[in-house]
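Below is one structure; the comments refer to it alone.
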Amino acid sequence: MVKGVRELEKKLTIEFPKLVEERVREALAKAADQVVTQMKQRAPVYIGDELIRTDKRHKGQPVIPGALRESIAWTWGEAPKGTIALGSVQTGLNKEGATKLTIYAGNKQAFYARWVEFGTRKWAGNPFFFSTWRNNKRKVKGQLTRAIRKAIKEMGMV
């Protein structure tokens, strides 16, 4: 129970934001794991023979089956260079800097992630990335809302 204005102020300005940030980070990590798992299930996988690329830019590099699927991941902060990012979610609750989660696909071996997702002028895309996010967006928002409500209840503010 809060007694006095100073104690209430401390609880509202220091303790409550820390608790909410902690609960939101947990919910974001759990949601990101679920979304990444679904994206990996939907990502197309090359199952042909081992090939060596002959194009000018990547000549001599092997085609690695499952490289696109394995390149899908999430991280706190910015996505690695050379990837396509789904976007990022920032909380902005703490003063040092916002908590930012980014889901991404692609790397040196799977440089073609954006071509698979969006297609080219000669080839229709095979969406697996943004469509999965759109299908899960409402669920993720619900998980974040529940995390915030949980923090409010833990602080005894309800």
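What to note about this one:
- Gain on full stretching of the segment that runs from Arg57 to Lys18 - 0.36 nm per residue minus C-alpha separation: 9.2 nm
- Helix axis angle, 130-154 relative to the chain longest principal axis, alpha carbon, degrees: 20 degrees
- Cβ-based net charge around Ala124, under 15 Å, with every Lys or Arg adding one and every Asp or Glu removing one: +2
- Taking the C-alpha atoms only, the angle from helix 16-42 to the longest principal axis of the chain is near 20 degrees.
- Between Trp123 and Arg6, the contour length at 0.36 nm per residue exceeds the alpha carbon distance by 35.7 nm.
- Here Phe130 and Lys108 are evaluated by their C-beta separation; at R0 = 25 Å the FRET efficiency comes out at 0.70.
Readers should treat all values here as calculations from the given coordinates under stated rules, not as data from a laboratory. Since this is a predicted model, take the numbers as computed values, not measurements. Heads up, the Cβs are rebuilt from the backbone with ideal geometry, glycines too, and the neighbour counts pull from every protein chain shown.
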